[in-house]
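To start, the structure itself, in structure tokens.
The values are calculated or read from the model by the stated rules, or taken from the named source; none is laboratory data. Quick caveat, the model's predicted, so the values are computed rather than measured. Cβ atoms come from the backbone with ideal geometry, glycine included; neighbour counts cover every protein chain shown. When the accessible area is computed, the model is the full protein with side chains, heavy atoms only, and any ligands, DNA or RNA have been set aside. Shrake-Rupley method; radii C 1.70, N 1.55, O 1.52, S 1.80 Å.
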Amino acid sequence: MSKLSKPSALNDAKVKTVLNRLHAEADRQLPRLILHYLPKLPGLFLGKGIKWDQTKTEYYNDKYIPIEPDQGEFLYLIARAINAKTIIEFGTSFGISTIYLATAVRDNGGGIVIGTEILHEKVVQARKNIAEAGLETYVDIREGDGLKTLTTLNKTVDLVLIDGWPELALDVLKIIDPFIRPGGIVVSDNVNTFKEPLKDYVDFLQNPANGYRSSTLNLKDGTEFSVKVRRHDEN
Ligand SMILES: C[S@@+](CC[C@H](N)C(=O)[O-])C[C@H]1O[C@@H](n2cnc3c(N)ncnc32)[C@H](O)[C@@H]1O
């Protein structure tokens, strides 16, 4: 059964067809991913999360490791609720999350999803997938390291998805933070899975002194949902 066969907020057959294909391809990689993580699963079951080894990221070069459909629907609906026009995405991979976000931007009347992805092959494929969904007008994928590609932001940001390698999450957020408007939202994937490497990041968002109100939602394996409640330069 296709993942988006249940009623979906994305009222677009073309978009749903592409998403169904991409989610199915990602699901076919699951058995290999489970085998890869098998030795690390006890940590996950004990609530400690999985250790992240940033020297071994080549394993993920052909892996989708996408957000789940429920998270995609959630992102689409949030983006519609706050009328998001500018969305930043750290970690585009093959474009699954980008498609949910770009559909919302289009349905909001236009705007842009600025995605960033460090792997050239993924950027090429993501662009193809996004074009197949008919959404290329609403997407700017910046190829390269998000720590560099996102330094040229010059507009107010409504919504952010943080879904790249965990050890970079806080540095990337700090680049985007000055542009996030009050009422803007940051959604972050995998915060329970990668508890240790994301600790500083989650602590930052959950400390009200930093201008956010934030909570870990039981969506997939922990989705941090953070609302910016004031500008970064106010006390
Ligand atoms: C979990 S995947 C993203 C999945 C995607 N959001 C989706 O739902 O389909 C993380 C991606 O971040 C990319 N990435 C990791 N470090 C990065 C960096 N410094 N700059 C840009 N992309 C990066 C990886 O190559 C990988 O494709």
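Treat the stretch 69-228 as a sphere of radius equal to its Kirkwood radius over Cα pairs and apply Stokes-Einstein at 20 °C in a medium of 1.002 mPa s; give the translational diffusion coefficient in µm²/s, rounded to a whole number.
140 µm²/s
In a Gaussian network model over the chain where Cα atoms closer than 10 Å are linked, find which of R181, R142, R28 has the largest mean-square fluctuation.
Judging by the Gaussian network model, the answer is R28.
Averaged per residue, what accessible area in Å² does the chain show with a 1.4 Å probe, protein chains only?
47 Å²
Which FRET efficiency, nearest 0.05, do T152 and N218 yield, Cβ-Cβ r, R0 30 Å?
It comes out at approximately 0.25.
Tell me, what is the percent relative contact order of the chain, built from C-alpha pairs under 8 Å that lie six or more residues apart?
Computed over the chain, the figure is 18 percent.
Pick from T57, T156, T116: which residue has the top mean-square fluctuation in a GNM of the chain where Cα pairs under 10 Å get a spring?
T57
State the percentage of accessible surface on the stretch 69-228 attributable to carbon and sulfur atoms; use a 1.4 Å probe and exclude ligands, DNA and RNA.
So the carbon and sulfur contribution to the accessible surface is 52 percent.
Build a GNM of the chain with springs between Cα atoms under 10 Å: which of R32, R21, R127 gets the top mean-square fluctuation?
The residue that fluctuates most here is R32.
Can you list which of the DSSP-assigned H helices in the chain have a Cα extent of 15 Å or more along the long axis and an average Kyte-Doolittle score of at least -0.5?
69-81, 96-107
With a Förster radius of 35 Å, plug the Cβ-Cβ distance of K6 and K174 into 1/(1 + (r/R0)^6) and report the FRET value to the nearest 0.05.
Given R0 = 35 Å and the Cβ-Cβ separation, E is 0.40.
Is the stretch 102-161 rounded, prolate or oblate when judged by the Cα gyration tensor, a ≥ b ≥ c being the square roots of its eigenvalues, rounded requiring a/c under 1.5 and prolate requiring a/b larger than b/c?
Oblate, because a/c is 1.5 or more while a/b does not exceed b/c.
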